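*Asks:* Questions regarding the structure given below will be posed in turn.
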């Protein structure tokens, strides 16, 4: 079914809401006009060890936090569509989309994913994949043990916390491919660094990383992801 037609049908049954303030918006809208004006674009220069590039849409601040938390709370609504398409725009603008073969969402521990109902990073990845016709690898990389919440740890402990937490289940899918890793929020880059190293060790040609938001120093105390 055509995506535009599908959203219009769903809009008749479940009117589309702005993922930041909750007010009603058009079926194809991402945010309401007022909230869109309060979003702060990310224009930093952040590097992930081993990765070819890093792309982000927004600074993780009060303007975008409600949309991110909507997804983390298991509600999603229009947040996945809005955040996914915003990140897709940035990937197209910086030329990354022309340099990837497969998209991999940062995986969640399976029990945590079942409890939430979905992996928010996977929702975002699939919006990007559908937009550009790029396959999203399903469980090629998995999280094999539960870790402490990254927001409670400093940079050194974040890296230690993630050691051995992920595993490649389908190396044949990533071998020789250009991979895009997708997450909702990036703070220190610890999660991206660990996964980039793992994927390269399993034969990927190169890895690029993208997150909907990157934290600013002012808001790091309220960070919800690694």
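Where a number appears in this text, it was derived from the coordinates with a stated rule and is not lab data. Note that the structure is a prediction, hence the values are computed from the model and not measured. Here Cβ is always computed from backbone atoms with ideal geometry, including for glycine, and neighbour counts include all displayed protein chains.
*Asks:* I want the antiparallel fraction of DSSP beta bridges within the chain, as a percent rounded to 5.
*Replies:* Close to 20 percent.
*Asks:* Want the number for residue 47 to residue 4: 0.36 nm per residue separation, take away the alpha-carbon distance, what's left?
*Replies:* Taking 0.36 nm per residue and subtracting the Cα distance, the gain is 11.9 nm.
*Asks:* Continuing with the same structure: How far is helix 3-13 tilted, in degrees, relative to the longest principal axis of the Cα atoms in the chain, given as a value from 0 to 90 rounded to the nearest 10?
*Replies:* Orientation of helix 3-13: about 60 degrees from the principal axis.
*Asks:* Separation between the residue 13 and residue 130 pseudo-spin-labels, each 7 Å from Cα along Cα→Cβ, expressed in nm?
*Replies:* So the two model labels end up 1.4 nm from each other.
*Asks:* If you build a Gaussian network model of the chain, linking Cα atoms that sit under 10 Å apart, which residue out of 200, 87, 13 swings the most?
*Replies:* In the Gaussian network model the winner is 13.
*Asks:* Which residue fluctuates the most in the chain, going by a Gaussian network model with Cα springs under 10 Å, if the choices are 112, 184, 89?
*Replies:* 112
*Asks:* Once you have the Cα-Cα distance between residue 24 and residue 205, take 0.36 nm times their residue separation minus that, and quote the gain in nm to one decimal.
*Replies:* 60.8 nm
*Asks:* Compare the peptides 119-130, 39-50 by average per-residue count of other Cβ atoms within 10 angstrom and give them in order, highest first.
*Replies:* 119-130, 39-50
*Asks:* Only Cα pairs within less than 10 Å get springs; with that Gaussian network setup on the chain, which residue of 114, 178, 90 has the largest fluctuation?
*Replies:* 114
*Asks:* Which order, highest average first, do 167-173, 96-102, 54-60 follow once you tally other Cβ atoms within 10 Å for each residue and take the mean per peptide?
*Replies:* Answer by packing, highest mean first, reads 54-60, 96-102, 167-173.
*Asks:* While we're on this one: Restricting to Cα pairs below 8 Å that are 6+ residues apart, what does the relative contact order work out to for the chain? Please round to a whole percent.
*Replies:* Relative contact order of the chain: 23 percent.
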